[in-house]
Each structure stands twice: as structure tokens, then as C-alpha cells.
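The values are calculated or read from the model by the stated rules, or taken from the named source; none is laboratory data. Because the structure is predicted, anything quoted here is derived from the model rather than measured. All Cβ positions, glycine included, derive from the backbone under ideal geometry; neighbour counts span all protein chains shown.
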Ligand SMILES: Nc1nc2c(ncn2[C@@H]2O[C@H](COP(=O)(O)OP(=O)(O)OP(=O)(O)O)[C@@H](O)[C@H]2O)c(=O)[nH]1
């Protein structure tokens, strides 16, 4: 017989669904997020998320950069309820230069929603993020957005996803017409057409007219041509398409596809309801003591993201923890696996956009924000009971490299502190030359903006004016064969060797050609675009 607390944890986990949205900028992520929250009753008028975002831009300090450039750099976690479900939406930054942040957020997600602009199909940023989801084996749900505008043929989009991503597809709903002639979507679950009523904003929950297939009224609503096109598409889907297989969906091999228009709030509720039914509940995670199910009675979790200065007045830092098992309670005391210390988790926060509400309890699948006075680093495990550590969060190949220099020797300490803290926070990766005379850290980034943020923050938070000296490389590969394999390989052309923050060898290449050469000539180096993660690895 499970005890009362075990039952409570089981029930809480059953209700939880957690996901992140992956998309290319401008596909409509903010708009979709807003509409999902609207259904969750978390906000009553769409527009609120954007308004908050704008407000945040106006009040934050180093995020001044966001304001100047009109982009969203930071991400937050949104929690809302819908019917019986407790939903955690892990928001990710829109700008591609901050995709490293998104990679880490995906480490905390159980499901991913791939948002696609109907006119554009798969775009580079979506493909990249998809690869990260694939690595984690996340179930992927696809929402094809902007159907109210002219777009590509739906069957062609399905084909693109199958061919390019190697995913099977199952259309859960199917669009009838598009652009000016967008009439609605057919729900294959309900065998009914949801008619689209053109409204300019869709700031309220949409009222939808629904007609069952076979109802003679259909012909009143649909032009003949569209009706026949729809019937033909449906025949193709039913006869040639795969059946929905939830096991394959959960294994990340098949993606359920939805069509709609986030802006006009159409198809969003249909999506949400099917998503909640098909999505994975929080799953067991691999740890140093084996796979632990979220219903395991002792509390545990890991830090997947750190964020500084969410409130510039307090210069505080927040560690985002994904709760993995057991029950989190305010003020509880936990063990910190990396340092072996005991930490009291006071002042936990649940983050709804920029508002912080204090939380009392959380369960597997939830995300909590903890005040972080320098205790936590990315990948850290906290736990109660038997000692355990979750697998670390991998670093992904950076694409831009630059020495960062401090021309003022009297600022040496501040410079070191700033670099260390920004690295711990995950604002940027740091590497070092293997040449002992070149002590300057090498910043390794996914995008140029990350360099700018580091320089900006080094000056505004640590008072150090820095200069950059770019390096002409665009790819990094970790040498899994280690230093010994490198030594045996002797001199290697078209690359330089650096070491990462943990002293592990990394090769930098100018281009794909150089990389391919080395891969062919030296297979024993075992090059990998993703840093090997050790459980509980200590920085050098
Ligand atoms: N016509 C149409 N426009 C849409 C739809 N959804 C979003 N948009 C518009 O597309 C633009 C981008 O939408 P956002 O929601 O800001 O996109 P985003 O993906 O969050 O953008 P980033 O912040 O750059 O990542 C805005 O002008 C939206 O109004 C839709 O369903 N139909």
C-alpha cells in the first residue's frame, strides 16, 4: 500500500505535462505561448505576454541590449492549469545567438513543440533545435502556424518533415484551404470540421462552429473545389499515411501534426487538448544510481539554467531547477551533490513571466527558481536521501571564438571573477590555449551577440573594460580519444588544439572541409560536436 505522501506524489506527477517550444525567429512563438496561456486562464487577455516582455525591456538593466535590439534574450518558465493538468511551458529565447540557452532548457523538458511557419516550412534554427531534441529522444509535436496567410501545400510540409528530419508524421488535424480561403481544420479525432471565423485579433478564446463529417451543411460552408481537395487529401492521409502510434511518438520517431493560426487563435485549443492527451508525463531520468521515476519518494532535481540580474535592483541570481523526483517543499534542506554541502532552499520562486510568486511545493516535471548566491552551477544535482547525481548537461559546439583581454592589470581580480561567474551561469563557454604564454580566456559562442553581452556585463557588473581578439575558426570538436590519442596522432594540419574549462582537448577548425580531412586521417581521435558529460564533473 502506498503511503499518503506517495499517493500525493503519484497524483501530482500524473497531472503534469512539461514542454518547450522550438522554432525559428518570427514563426509565432510568443503569439502561440500567449494563446496557450489564455486557454489556461493564466491571463485573460492575449497581449499580456508581449506587454510583460515590453515592460521587462523597459525596466531591466543589462537587458538594455534587448531593448535596443528588440529581441528577447532571456527565457522564463510559465506554469498554468488546463482542465485537470498542470502545465509547465519552458520558454526559450527567440534569438538564435542564444540557442545554447535553449539547448539547456531542452534538457529540462519532457516534450517539445516544433512551431513552423506554413509559408516557410523547416528553417535553420528549427533544424538545429530539432537535432538537440532528437539527441534527448524527446517526443515532438508539430504546430504549423499562420494558416490564415498563403502558405505551402500541407502535404508538401509533411513530406519535408519526413524527408529532412526522418520523422514519421501523423496529421491530427487537417487544414481546409489557406490564406484568404482558409476555412478551418478537420479534426481526425472528432471526425468534425472546426470552422474558422475570421477575426482580426483573437484576443479572446475563440468560439468555434463545428460540423460533423457527413452533415449536408458542409457544402453550404465550403466551396466545391475546397471540399473536393479536402476529401482527396483525407483519402491520401488515411490510405497512405501511417496510423497514430503513441509509442513511436513518445520515442521521438513520429510527430503528431496540427495546423492553425495562433494570431487569430484558431486551432490552438484543438492542439492543446490533443497534446495533453498524447504528451509524455514526467519520465524517469538517468542518474548515478540508475533511472529514477518521478514518483520516487525522496526529492531530487538538477540545475539547468542560471540567470543573473532578473531584478537589477537586487543584483540577484536565480538558479532554475527541474524537479525530478519526490516533493519539493519551501525551506527544505537538501544535499548539494557536487560540493557535498547542505543547502536550505529558502525563498523558492515560481516564475510566471517576470512576476515571482513564492511557491510552497513542487513535484517531478515542475521548475522552481532558487536564489543563487553562487552555490549552484549548471548541471548540479540537489537531493535528499541516498546520494545521487544526474547526468550533466552537455556543451554544444560553439561557432565563434575570440580571446577576451583585460588591458588593465589592476582589474585582474574582477576580470577573473567576471569570467568565472559568466561561465558558470552559462552565458558563454570558455576555452584556453594550450600555449602557456597565452593565458587570456577564449570566449566560445554560438552567436556574436553572446560576445557583446559578455563585454557589456563585464563592464556594467564587474567594472572591467575588455577587448576582443577574434580567432578565425567556426567549428569545435571535442577529442573523445583524449590527450593520449592526440599525442599519438602527432602534428595535425588545418586545426588548433585548445582545452575546455575542464582541461579536455578540443580541436578548432576553420571550416567543414578542414574537419572532414582530420576525421578521415585520424578516426582514432573520435571527434564529437558535443562535449562528453561526466556525472558531477568538477571544473579545473
Ligand atoms: N498572419 C499571421 N501572423 C502571425 C501568426 N502568428 C504570429 N504572427 C505574426 O508573426 C510575427 C511574429 O510573431 P511572434 O509571436 O512575435 O514570433 P516569435 O517566434 O515569438 O518571434 P521571436 O521573438 O523573434 O522568436 C508577429 O508579427 C505576429 O503577429 C498567425 O497565425 N498568422
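All but one of (1) free of Cβ contacts under 8 Å to residues at least 60 places away in the same chain; (2) surrounded by fewer than 19 Cβ atoms within 10 Å (Cβ to Cβ) hold for residue 222; state the number of the condition that does not hold.
Against the list (1) free of Cβ contacts under 8 Å to residues at least 60 places away in the same chain; (2) surrounded by fewer than 19 Cβ atoms within 10 Å (Cβ to Cβ), residue 222 comes up short only on (2).
Just a yes or no: is a residue in region 47-64 over 28 Å from residue 100 (Cα atoms) and either modelled with pLDDT under 90 or near the ligand (Cβ under 9 Å from one of its atoms) (or both)? Outline the logic, then answer.
Filtering region 47-64 for residues over 28 Å from residue 100 (Cα atoms) gives none.
Scanning region 47-64, I find no residue that is over 28 Å from residue 100 (Cα atoms) and either modelled with pLDDT under 90 or near the ligand (Cβ under 9 Å from one of its atoms) (or both), so the answer is no.
Sort out which residues of region 248-266 are more than 10 Å from the ligand (Cβ to nearest atom) and part of a loop (DSSP other than H, G, I, E, B), and write them in order of number.
The initial filter retains those residues of region 248-266 that are more than 10 Å from the ligand (Cβ to nearest atom), namely 248-259.
Scanning region 248-266 gives 251, 252, 253.
Go through region 130-144 residue by residue and tally those that are in contact with a strand residue (DSSP E or B) (Cβ under 6 Å, 6 or more places away or on another chain) and either more than 16 Å from residue 247 (Cα to Cα) or within 14 Å of the ligand (Cβ to nearest atom) (or both). Full working, then the answer.
Pass one, region 130-144, residues in contact with a strand residue (DSSP E or B) (Cβ under 6 Å, 6 or more places away or on another chain): 133, 138-144.
Now narrow it down to the ones that are either more than 16 Å from residue 247 (Cα to Cα) or within 14 Å of the ligand (Cβ to nearest atom) (or both): 133, 142-144.
Adding up the residues that qualify gives 4.
Go through (1) under 24 Å from residue 267 (Cα atoms); (2) touching a strand residue (DSSP E or B) at 6+ places or on another chain (Cβ under 8 Å) for residue 105 and report which single condition fails.
Checking residue 105 against (1) under 24 Å from residue 267 (Cα atoms); (2) touching a strand residue (DSSP E or B) at 6+ places or on another chain (Cβ under 8 Å), the one that fails is (1).
Kindly indicate the residue of region 148-199 that is outside any helix (DSSP H, G or I) and free of Cβ contacts under 8 Å to residues at least 12 places away in the same chain and also nearest to residue 244 (Cα to Cα) among those meeting that condition. Can you show your working first?
First, pick out the residues of region 148-199 that are outside any helix (DSSP H, G or I): 148-153, 166-178, 182-199.
The next check asks that each one be free of Cβ contacts under 8 Å to residues at least 12 places away in the same chain; those that pass are 153, 166.
Working: 153: 21, 166: 16 Å.
Residue satisfying both the conditions and the ranking: 166.
Given (1) touching a helix residue (DSSP H, G or I) at 6+ places or on another chain (Cβ under 8 Å); (2) over 30 Å from residue 376 (Cα atoms); (3) part of a helix (DSSP H, G or I), identify the lone condition not met by residue 484.
(1)
Between residues in region 74-99 that are modelled with pLDDT of 65 or more and residues that are in a helix (DSSP H, G or I) and within 12 Å of the ligand (Cβ to nearest atom), which pairs lie under 6 Å by C-beta distance while being six or more apart or on different chains?
Pairs found: 92/102.
Okay, residues lined up against (1) closer than 23 Å to residue 222 by Cα; (2) within 12 Å of the ligand (Cβ to nearest atom); (3) at pLDDT 90 or above; (4) surrounded by 14 or more Cβ atoms within 10 Å (Cβ to Cβ):
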site	(1), (2), (3), (4)
154	yes, no, yes, yes
160	no, no, yes, yes
163	no, no, yes, no
169	no, no, yes, yes
176	yes, no, yes, yes
185	yes, no, yes, yes
195	yes, no, no, yes
200	yes, yes, no, no
204	no, no, no, no
